[in-house]
Amino acid sequence: MFPSSTQAIPEQSAVPRHLAIIMDGNGRWATERFLPRSAGHARGVQAVRRIVEACGRRNVRYLTLFAFSSENWRRPREEVSLLMRLFIQTLEKEVDKLEEQGVRLRVVGDVSAFEPRLRQLIEMVETRTAHNTLLNLTVAANYGGRWDILQAMRHMLRAEPELATHLNDIDEARLAPHLSMAWAPEPDLFIRTGGEQRVSNFLIWQLAYTELYFTDSYWPDFDANALDRAFAWYRSRERRFGRTSEQLADGPAGR
Ligand code: IPE
Ligand code: IPE
Ligand code: MG
C-alpha cells in the first residue's frame, strides 16, 4: 500500500502520479448547441478516449474518472438508462484498445445496483486488462465517497470483529486498506470541468491533500492542451502537507 498523506509526505513529481477527474458539463455543452443531453454524453466519451491517451503519453500512472455518482440515480429515468447503455457500449467497444494501450481498467462503486449484463462486462474488461501496467484507469460508477467510507468500515469490522470492542485501536491504517481504491496512491491532482467548484461526493477521504483545479471548460471540450494547462498549474503549487514554506526550502531535512 502507498503511505497516506497524513502519515507520511508523499513522493512528488512534475506530472501527477494520480489524476482524478470529475467530468462535468456534458449536458450544458449539448444544451448550448440546441442538442439533446445525450449528444453531450456521447461527446463526453470521445473526451475520455483523448484524455486516457494523453495521460498515458504523459506518464500519469493512475487516472480516475467520475462517470456516475451515487446521486445520479435522481436524474430522469431516460437519462439514467442512456448513461447505462453508453457505459455498456463503451466498454464493449474500447476493451481491445485498452489492451493495445497497456491500460488496466477497474471500476469502483456499488456495482451491485447495475444490471447483470453490465456487471458481467465490467468483470470481463477488468480480467482482460488485469495484466496491463502502463496506466491504471479507474472508472467510478455508482460511486460516492460516503458510501466508500461506510463500506470500508463494514469490511474492516467483518475482517476484525474484535475492533468493535477495542474502539481505540481503530485508526487510519486499519481502515484505509478497505477503501475501494486502497491499491492506488492518493490523487495528486483533481480536475473538475464544467465550472462548478465542488467535490460532489467524489473521493472525499482520498482528496485530503490533493491539489484542486477547476475549469469552466465543459468536459466534451476538454483536450490534451487543457490537460497541459492543468498540469502547468499543478507544477506551480507548493505542496506543504502541513509544513511551512521555510521547511520546504530547507530540503529533505525539513521533513
Ligand atoms: C457529467 O455531465 C456527466 C455525468 C454526470 C454522467 P452532466 O450530465 O452533469 O452535465 P451538466 O452538469 O448537466 O452540464
Ligand atoms: C458529478 O457531477 C458526478 C459526475 C460527473 C459523474 P454532477 O453533475 O452529478 O454533480 P452536481 O449535481 O452538479 O454536484
Ligand atoms: Mg453536472
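Where a number appears in this text, it was derived from the coordinates with a stated rule and is not lab data. Note that the structure is predicted; figures quoted are calculated from it, not measured. Positions of Cβ are generated from backbone atoms using ideal geometry, with glycine treated the same way; all protein chains shown enter the neighbour counts.
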Self-check item: Listed residue (Val139, Gly194, Met181) projecting farthest to the positive dipole end of the chain, Cβ model
Solution: Gly194
Quiz prompt | Highest-fluctuation residue, Arg37, Arg61, Arg174 considered, GNM on the chain with Cα pairs under 10 Å | solution = Arg174
Quiz item: How high is the relative contact order of the range 72-211, in percent, counting Cα pairs under 8 Å that sit 6 or more residues apart?
Solution: 22
Quiz prompt | Extended-chain gain in nm, criterion 0.36 nm per residue less alpha-carbon gap, Asp110 and Asn225 | solution = 38.1 nm
Quiz item: Taking the chain as a Gaussian network, where each spring joins two C-alpha atoms under 10 Å apart, which residue of Leu212, Leu227, Leu65 fluctuates the most?
Solution: Leu227
Quiz item: Tell me, what is the percent relative contact order of the chain, built from C-alpha pairs under 8 Å that lie six or more residues apart?
Solution: 29
Practice problem: Over the range 9-134, calculate the relative contact order: mean separation of alpha carbon pairs under 8 Å at least 6 apart, over the residue count, as a percent. | Solution: 23
Self-check item: Residues listed by number, the range 211-233, amide nitrogen under 16 Å from Gln197 label point at 7 Å toward C-beta
Solution: 211-217
Quiz item: By the scheme Lys and Arg +1, Asp and Glu -1, what is the net charge of all other residues having a beta-carbon under 10 Å from that of Thr133?
Solution: +2
Quiz item: If you find the alpha carbon centre of the range 1-66 and of the range 67-133, how far apart are they in angstrom?
Solution: 15
Quiz prompt | Candidates Gly25, Gly145, Gly242: whichever shows maximal mean-square fluctuation once the chain is modelled as a Gaussian network with Cα springs under 10 Å | solution = Gly242
Self-check item: Taking N as its residue count, the alpha carbon Rg of the chain over 2.2 N^0.38 Å
Solution: 1.05
Quiz item: Can you list residues whose amide H is under 5 Å from Arg75's amide H, if they're 5+ apart or on another chain and H is modeled 1.01 Å from N?
Solution: none
Self-check item: GluC sites (Glu not before Pro) restricted to the range 38-87 and DSSP loop, no more than 11 other C-beta within 10 Å
Solution: Glu71
